[in-house]
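Here is the structure we will look at.
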Amino acid sequence: MEKLIITCAISGAEVTKEHNSYVPYTIEETATEAFRAYRAGASIIHLHVRNDDGTPTQNVNRFEEAIKAIREMCPDVIIQPSTGGAVGMSNDERLQPTLLDPEMCTLDCGSVNFGGDEVFINTENDIIYFSEKIYERNILPELECFGKSHIDQVMRLYKKGYIKDHLHFSFVLGIPGGQIGSERDFLFLKDSIPQNATYSVAGIGRYEFALAELAIKHGGHVRVGLEDNIYIEKGILTKGNEELVQKVVSLAKKHNREIASPSETRIILGIKERQNENM
Ligand code: KMH
Ligand code: ZN
């Protein structure tokens, strides 16, 4: 089976230090959490940035500072900035980190309720706009799908040429208001994407490790991190992103899946080919 790509979503935009004190806010905290996740086995860092007071921001200068600090501690890790940002941000605000030409970024492929009155809005025209901006810089988008209808949306836009190969999906399951992360849901989603596509799972809260183990067994890839889940086991807060990644590594060992390094991840996802095209 293909080596396992572990992505670590180290901070997100919603979770705070009140939820778990390891959530990074400052540049130094962000770089340290990224380094610890990388040291444990993550080859991709899914990156949101915060102001020092913890408020989420998509400010390009803040991203630049964070990426520089991460690069100093782990030069070869793949940095995948979020273009989702936080609920309520404008499209151009959200797209700012793409101006830094990262190797990857997220592309959110549909709208979803985020609990209470919050709706994370990604209309079809928004997705087309984001796609144009992302592909024009030859960045590989990770296709964030919060349910099956988002996969269908991707495939419609793929047929029309807005979304292009390589297709790398992320099934983000368990958002309050989105599709849940049961085994049945997982199997349905993984069987709904083209054979030559790759996928990663991001289980929210209690779904994190159950989905991780399913993906490991079925040849998929895994995302964990404080953005998605703050517990190492039921009722026990994790001591940071490193511990969450370590738990995935031990699940991978149990199922005889080797862990992909950043350079192996670049080959699996076709990032290497894109870099050659850019030269
Ligand atoms: N914070 C959410 C509103 C992404 O990173 O692309 C959006 C999000 C998805 O986290
Ligand atoms: Zn995110």
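Please treat every number below as a calculation from the coordinates, not as lab data. Note that the structure is predicted; figures quoted are calculated from it, not measured. For neighbour counting, all protein chains shown are included, and Cβ atoms are generated from backbone atoms with ideal geometry for every residue, glycine included.
Placing a label point 7 Å from the Cα of HIS255 along the Cα-to-Cβ direction, the residues of segment 216-230 whose backbone N falls under 12 Å from that point are 216-223.
Between the alpha-carbon centers of segment 228-272 and segment 29-59, tell me the distance in whole angstrom. For segment 228-272 versus segment 29-59, the Cα centre distance is 15 Å. Under the definition of Cα pairs under 8 Å and six or more residues apart, what whole-number percent is the relative contact order of segment 6-277? It rounds to 20 percent for segment 6-277. Amide H contacts of SER111 (H built 1.01 Å from N, in plane; Pro and chain starts excluded): ASN122 sit under 5 Å, all sequence-distant by 5 or more or on other chains.
Placing a pseudo-label 7 Å from each Cα along the Cα-to-Cβ vector at MET73 and ASN91 gives an inter-label distance of 3.5 nm. Checked against a 31 Å cut-off, the cross-linked pairs LYS159/LYS253; LYS3/LYS239; LYS190/LYS234; LYS148/LYS254; LYS159/LYS247 give Cα-Cα distances beyond that limit for LYS159/LYS253; LYS159/LYS247.
Going by average Cβ density within 10 Å per residue, which order do the peptides 252-264, 210-222, 107-119 take, highest to lowest?
Put in order of decreasing packing, that is 210-222, 107-119, 252-264.
Couplings 3J(HN,Hα) of segment 61-70, computed from phi: 5, 5, 4, 4, 4, 5, 5, 4, 5, 5 Hz, in residue order, whole Hz [Karplus 6.51 cos²θ - 1.76 cosθ + 1.60, θ = phi - 60°; x for Gly and Pro].
Only helices enter the 222 nm calculation for the chain: every DSSP H run of n ≥ 4 contributes -39,500 (n - 2.57), and dividing by all residues gives -11500 deg cm²/dmol, rounded to 500.
Note that segment 104-119 has calculated 3J(HN,Hα) couplings of 9, 7, 8, 9, 7, 9, x, 8, 7, 5, 10, x, x, 8, 7, 10 Hz, one per residue in order, obtained from phi through the Karplus relation 6.51 cos²θ - 1.76 cosθ + 1.60 (θ = phi - 60°); glycine and proline are x.
What translational diffusion coefficient, in µm²/s and rounded to a whole number, does the Stokes-Einstein relation yield for segment 173-254 at 37 °C and a viscosity of 0.692 mPa s, taking the hydrodynamic radius as the Kirkwood radius over Cα pairs? Display every interim value, and only then the final one.
Values: Rh = 13.0 Å.
Using the Kirkwood radius from Cα pairs, D works out to 253 µm²/s.
Panel note: the C-alpha atoms of the chain, placed on their principal axes, show extents of 46, 45, 41 Å (largest first). Measuring between their Cα centroids, segment 88-151 and segment 176-217 lie 19 Å from each other.
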